[in-house]
Every structure is written in C-alpha cells, then in structure tokens.
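Written out below as structure tokens is the structure these notes cover.
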Amino acid sequence: MQSLKINYLLNEANLTPGSSSFRVSTRVLKQAQVPPDSLRTLAWISSGTQPFYVPVILGQNSSEYQFVFFTERSASFPKLEIVRVKDGQRVYKNPRSSSQAAGEVFVNWDGRKQPAGRYELRITALQEQEGKPPKPLSQVITFEHNPSWFK
C-alpha cells in the first residue's frame, strides 16, 4: 500500500493461507497525513510460474474494479482490454487514441455480470518521447475475479 502524493509506503504484508483481510489502523494513516483517496494497493498470489493479482477493497465495497497504472510521460493506449483466460473472450475494450498526460491512468470495469475466474488486463501504450517517435510498451496483468465480491 502506498501513496504517491506524500511518498508513503507501508511495508509488505503477508497473509496466511485462508485469511482474506488485512487491517491498517486509520490512526497510522492520519498521523502520516495520508489522504485516503491517494492510497494504491497491490495484492497477488504466487501460484506456479506466474503470480496473479487479487482485488483489494479500501473502505467500502464498490460495484466495479478500478485499475490504476502510472505512466512517466504522456501516452495513448491503442489497446486497453480485459480478456477471460479460460476461453479468450474479450469482455472489455476501451482504447484511448488521444494522448493522456503523464501520471495515473484509471481503468474502471464492472465485472458483476462476468463469471468467476482468471482474467487478463492487456495494455499497449505509445509513450511520447522528446524528438523521437512514440515508444511502444505492452503489459499483461493477470487477475482473479469473482462477481460475489461486489455484494
């Protein structure tokens, strides 16, 4: 868990098998003056050769996932999609051809009508470079989804 706004980083926390939650005292966050909306969290499970990500709930449950990634320079995203691993079906597509400013990029996805299972967020970015053609960058982020987590 971290906040880029105030350069706050919580040490890595390891959950034990079968546990599904980890609590951080709001007192700690208030003392560090961390704005709650600035928190970004990653959680993953190492299984086999490749880890996969699991959702993190900060505060109240939501009706959608919010993926946040960071780009150091302005970039466009000609490929921004979510694909179900089991059958390769694309369940979300939202390319962004116009350049977005450097910083955080938000992708919201309502997965309530999709079956539980493993999915991939597939991203191709064209990151602007001064005096050069845009630099292509690609990433695939595998994550676990279950619609019951939205209840």
Original post:
Counting only residues that are open to solvent by 60 Å² or more (accessible area, probe 1.4 Å) and of a type in the set (A, V, I, L, M), which one in the range 117-151 is nearest to Ser46 (Cα to Cα)?
Top reply: Val140
Original post:
Out of all the residues in the range 61-74, which are over 14 Å from Gln139 (Cα atoms) and assigned to a strand (DSSP E or B)?
Top reply: Tyr65, Gln66
Original post:
Got a sec? Which of Leu80, Leu126, Leu58, Leu137 is hydrophobic (A, V, I, L, M, F, W, C) and assigned to a loop (DSSP other than H, G, I, E, B)?
Top reply: Leu58
Original post:
Which of the residues that make up the range 85-108 are buried (at least 17 other Cβ atoms within 10 Å of the Cβ) and under 17 Å from His145 (Cα atoms)?
Top reply: Tyr92, Val107
Original post:
Does Val34 fit the bill of being β-branched (Val, Ile, Thr), modelled with pLDDT of 75 or more and more than 23 Å from Ile6 (Cα to Cα)?
Top reply: no
Original post:
Would you pick out the residues in the range 37-69 that are modelled with pLDDT of 75 or more, farther than 19 Å from Glu120 by Cβ and touching a strand residue (DSSP E or B) at 6+ places or on another chain (Cβ under 6 Å)?
Top reply: Ser38, Leu39, Arg40
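The values are calculated or read from the model by the stated rules, or taken from the named source; none is laboratory data. Treat the numbers as computed from the prediction; the structure is a model and nothing was measured. So basically every Cβ, Gly included, is an ideal-geometry build from the backbone, and we count neighbours across all protein chains shown. To get the accessible areas, we keep the full protein, side chains included, count just its heavy atoms, and leave off ligands, DNA and RNA. Shrake-Rupley method; radii C 1.70, N 1.55, O 1.52, S 1.80 Å.
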